[in-house]
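Remarks on the structure that follows.
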Amino acid sequence: MKRAVAESEEAAFAKVSRQGDEATITLGGVWNLRAATRPNPAATLSEIESAGRVIRIGCVGESLGSWDSSLLLFLAELDEWCQSHQVALDLHKLPEGVNSLIALAKAVPEAETERGHTGRTSFLYRLGTWAIQQATSVTAAATFIGECVLSLKRIIGGKGKVDWRLFWLTLEESGPQALAIAGLISFLTGLILAFVASIQLKQFGAGIYVANLVAVAMAREMGAIMTGVIMAGRTGAAFAAQIGSMKVSEEIDALDTLAISPMDFLVSPRVVALFFMMPLLCFYADLVGIAGGAVVGLGVLHISLIQYWNQTVGSMGLEDILTGVGKSAVFGVIVALTGCQRGMKCQNNAAAVGNAATSAVVLAITWIVASDAIIDVILDVLKL
């Protein structure tokens, strides 16, 4: 018994033996982080290198007593050295617990950025990776749109479970609560358009046509675009953050558990609400923008109010108003879909919620500008 106790309390050691181009490290004793002295992996590796090149290192733990993470740290440094020098490392003769912990550590490698990876990749590799990422994003977006269409079909058929309180709340948040910021931006937009146009038109004595330019620009383009951009930064980001937070707190998983479709309960009400509210906001923005142009017309160009009104009504037709209002409905769907899609794809951590909100705004504004250009081309082809 005394002999066993003595062996178990023997200090940790790592003895190196060589046989040709193979080395064996015999591990023994008690490995403890609190021990005053422990084998130094650098000294052990230096002893191996001093005897010449090796192609294989085996570890044996026949006389190994109790051990803790100090042994794992020794083996981890040994494994890192073997990988960098292309030397095979055999740990099969160590206790089963050691092997399982080492395997677990290898199963979760550090991220390349954390390791300070600076390796260069070819241009074709980066191009291919980018193309795959874009194709994956497009596929995910198309899938999400398809799921939303199916959700609306279920709701119309009376088979979808919808939170109508969310629908009315979204109407309020994207309607009355957004009037102040939408009105301010639209007023300034109309004022800037009129001021820039007046500088050029005054040179030809055609300052009165500032009213025509502001009316058509606000009705067909700027009213819808500025409203879409405002709602992307205000409402789209809010959708992504709200749904992303629900995913982090596992509320969406709870809906799935209750057999309630998150598309029916969370996404469709928001999409429908913005689809109906955006045209009203756009019409309101058109009126406020024209009022902003009137400030410049009356104050800078000294046009009478009656003249400005006549020029505005004469230059702007019903098709101009319907074009802008129709665009705004499309932009509303884009803002809702991008915000909800980014929220649903959010990762389960707080930082991902912020990233989801940011990407929702950027993606929504990008698609608003792109879709506006596409609609303008289609209308030009159709002579509308």
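Considering (1) touching a residue at least 24 places away in the same chain (Cβ under 8 Å); (2) more than 21 Å from TYR308 (Cα to Cα); (3) polar (S, T, N, Q), say which one THR257 fails and leave the rest. Looking at each condition in turn, THR257 falls short on (1). The residues listed here are GLY58, GLY20; of these, the one that is assigned by TED's automatic domain parsing to the domain that holds HIS92 and either at pLDDT below 85 or among the charged types (D, E, K, R) (or both) is GLY20.
Yes/no matrix, rows are residues, columns are (1) touching a His at 6+ places or on another chain (Cβ under 7 Å); (2) in contact (Cβ under 8 Å) with a residue 60 or more places away in the chain; (3) farther than 22 Å from ILE156 by Cα:
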position: VAL271; (1), (2), (3): no, yes, no
position: MET277; (1), (2), (3): no, yes, no
position: ALA291; (1), (2), (3): no, yes, yes
position: VAL300; (1), (2), (3): no, yes, yes
position: LEU318; (1), (2), (3): no, no, yes
position: SER328; (1), (2), (3): no, yes, yes
position: ILE334; (1), (2), (3): no, yes, no
position: ALA350; (1), (2), (3): no, yes, yes
position: ALA356; (1), (2), (3): no, yes, yes
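None of ALA259, ALA232 is buried (at least 24 other Cβ atoms within 10 Å of the Cβ), closer than 29 Å to ARG165 by Cβ, out of contact with any Ser or Thr (no Cβ under 7 Å at 6 or more places or on another chain) and not aromatic (Phe, Trp, Tyr) except ALA232. Kindly establish whether LEU127 is hydrophobic (A, V, I, L, M, F, W, C), touching a residue at least 60 places away in the same chain (Cβ under 8 Å) and assigned to a helix (DSSP H, G or I). The answer is no for LEU127.
If SER371 passes every condition in (1) surrounded by fewer than 18 Cβ atoms within 10 Å (Cβ to Cβ); (2) touching a residue at least 24 places away in the same chain (Cβ under 8 Å); (3) under 26 Å from PHE265 (Cβ atoms) but one, which one does it miss? (3) is the only condition that SER371 fails.
All told, MET231 meets the bar of being of a type in the set (A, V, I, L, M) and closer than 28 Å to ALA294 by Cα. Check whether at least one residue in segment 182-205 is assigned to a helix (DSSP H, G or I), among the charged types (D, E, K, R) and buried (at least 16 other Cβ atoms within 10 Å of the Cβ), and report yes or no. No.
Entry remark, segment 37-76: residues being basic (Lys, Arg) and assigned to a strand (DSSP E or B) number 1 in total. GLY343: at negative phi, surrounded by 14 or more Cβ atoms within 10 Å (Cβ to Cβ), in a helix (DSSP H, G or I) and over 16 Å from the mean Cα position of the chain (by Cα), yes or no? Taking the combined requirement at face value, the residue does not satisfy it. May I ask you to verify whether VAL288 is assigned to a helix (DSSP H, G or I), under 30 Å from TRP367 (Cα atoms) and touching a helix residue (DSSP H, G or I) at 6+ places or on another chain (Cβ under 8 Å)? For VAL288, the condition - assigned to a helix (DSSP H, G or I), under 30 Å from TRP367 (Cα atoms) and touching a helix residue (DSSP H, G or I) at 6+ places or on another chain (Cβ under 8 Å) - is met. Answer with yes or no whether ILE303 is assigned to a helix (DSSP H, G or I) and more than 20 Å from the chain's Cα centre (by Cα). Spelling it out, it is not the case that ILE303 is assigned to a helix (DSSP H, G or I) and more than 20 Å from the chain's Cα centre (by Cα).
Taking every residue in segment 83-102 that is in contact (Cβ under 8 Å) with a residue 24 or more places away in the chain and farther than 18 Å from THR26 by Cβ and pairing it with any residue that is assigned to a helix (DSSP H, G or I) and among the polar types (S, T, N, Q), at least 6 positions away or on another chain, the pairs with Cβ-Cβ distances below 9 Å are LEU101/SER69. For ALA238, the test of being under 24 Å from VAL325 (Cα atoms), within 34 Å of the chain's Cα centre (by Cα) and in contact (Cβ under 8 Å) with a residue 24 or more places away in the chain is passed. For segment 321-337, does any single residue satisfy the condition of being within 25 Å of ALA206 (Cα to Cα), assigned by TED's automatic domain parsing to the domain that holds ARG220 and either surrounded by fewer than 22 Cβ atoms within 10 Å (Cβ to Cβ) or hydrophobic (A, V, I, L, M, F, W, C) (or both)? Scanning segment 321-337, I find at least one residue that is within 25 Å of ALA206 (Cα to Cα), assigned by TED's automatic domain parsing to the domain that holds ARG220 and either surrounded by fewer than 22 Cβ atoms within 10 Å (Cβ to Cβ) or hydrophobic (A, V, I, L, M, F, W, C) (or both), so the answer is yes.
Looking at THR366, is it surrounded by fewer than 16 Cβ atoms within 10 Å (Cβ to Cβ), at pLDDT 90 or above and within 10 Å of the chain's Cα centre (by Cα)? The answer is no for THR366.
Going through (1) surrounded by 21 or more Cβ atoms within 10 Å (Cβ to Cβ); (2) farther than 19 Å from ASP376 by Cα one by one, ALA217 falls short only on (2).
The values are calculated or read from the model by the stated rules, or taken from the named source; none is laboratory data. Source: prediction; values computed, not measured. Every residue, glycine among them, receives a Cβ derived from its backbone with ideal geometry; neighbour counts consider all protein chains shown.
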